[in-house]
Amino acid sequence: MEIAPSILTADFTRLGEVMEESTAAGISWIHLDIMDGNWVINKTITFGPAVIRSIRNRVGKDVFLDCHLMITNAEQTWQQYADAGVDLVIAHIEAVDDFAALANAMHEYGIQAGMVFNPATPVEEVIPHLSYLDLVLVMSVVPGKGGQSFMPEVESKIRALRAAIDEQKSTGGRATKIMIDGGIKAHNIAMVKEWGVEVAVVGSGLINDKASIVENLTEIHAALG
Ligand code: DX5
Ligand code: ZN
């Protein structure tokens, strides 16, 4: 199971040190949450491509960076994130008109393409797109902020995606990865792994005032067995 820290609960004046603590603890994937003050219900703004460029420069080329675009105009602006150094752009199905065209453009540009869907969106809307997606991200909270409670009702969506992707792989298709985002902690990470999740975003469970990143990660790895 890959653990991808979300940095929303970090002290943004210490981002470089947070990156170094994470990679020293063995992290090799960072999840970057982009909110534009419009798309999420609480109208939050987080950060943009300039901060991503600084993070890429700080971590070097071997750390995998994804950006989770919670913005109104992903189809017009995704290239800025690719140019800032991300390996994978994840856009919301609810915010994009022509997802196949978007993913195709990302692939031609040399980056990976991911789709994310909200708790209110049925998995049946996502499954027809799997053949061209490198990753599918299941939201287990309503996007907008870190530190919210996990929604266990996503189990059936994850099991449906796991079955559809296993079927796709068995017929020579793409090994689309399943990622989960929202409320993942040491107490529920083994459960979502058993459902079929391969990459877990962990924000407040990893970057908090209670313990260091390495201590929190040790607890998570212990829970995974
Ligand atoms: C929610 C973001 C998440 C979130 C994760 O809008 O997409 O990545 O910050 O944080 P935790 O793990 O605290 O739920
Ligand atoms: Zn996210």
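Each reported figure results from applying straightforward, stated rules to the coordinates on display, with no laboratory input. Just so it is clear, the structure is predicted and the values come from calculations on it, not from any experiment. Here the Cβ is made from the backbone with ideal geometry for all residues, glycine too, and neighbour counts use every protein chain on show.
Figures for the structure shown
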quantity: Peptide ranges 68-79, 12-23 listed from the most packed, as the mean C-beta count within 10 angstrom indicates; calculated: 68-79, 12-23
quantity: Computed over the stretch 6-125: relative contact order in percent, which uses C-alpha pairs under 8 Å that are six or more apart; calculated: 21
quantity: The chain shape via C-alpha gyration tensor axes, a/c threshold 1.5; calculated: rounded
quantity: Pair Thr13, Thr218: separation of 7 Å Cα→Cβ label points (nm); calculated: 2.9
quantity: Net charge of Cβ neighbours under 12 Å - reference Ile27; Lys, Arg +1; Asp, Glu -1; calculated: -4
quantity: Over the chain: helical MRE at 222 nm, DSSP H runs n ≥ 4 each giving -39500 (n - 2.57), nearest 500; calculated: -10500 deg cm²/dmol
quantity: Average Cα contact separation per residue, the chain, under 8 Å, 6 or more apart, as relative contact order %; calculated: 20
quantity: FRET E, pair Ser170, Asn208, Förster distance 45 Å, beta-carbon r, rounded to 0.05; calculated: 0.65
quantity: DSSP beta bridge pairing in the chain, given as percent antiparallel to the nearest 5; calculated: 5
quantity: Most to least packed among 154-160, 134-140 [average Cβ atoms within 10 Å]; calculated: 134-140, 154-160
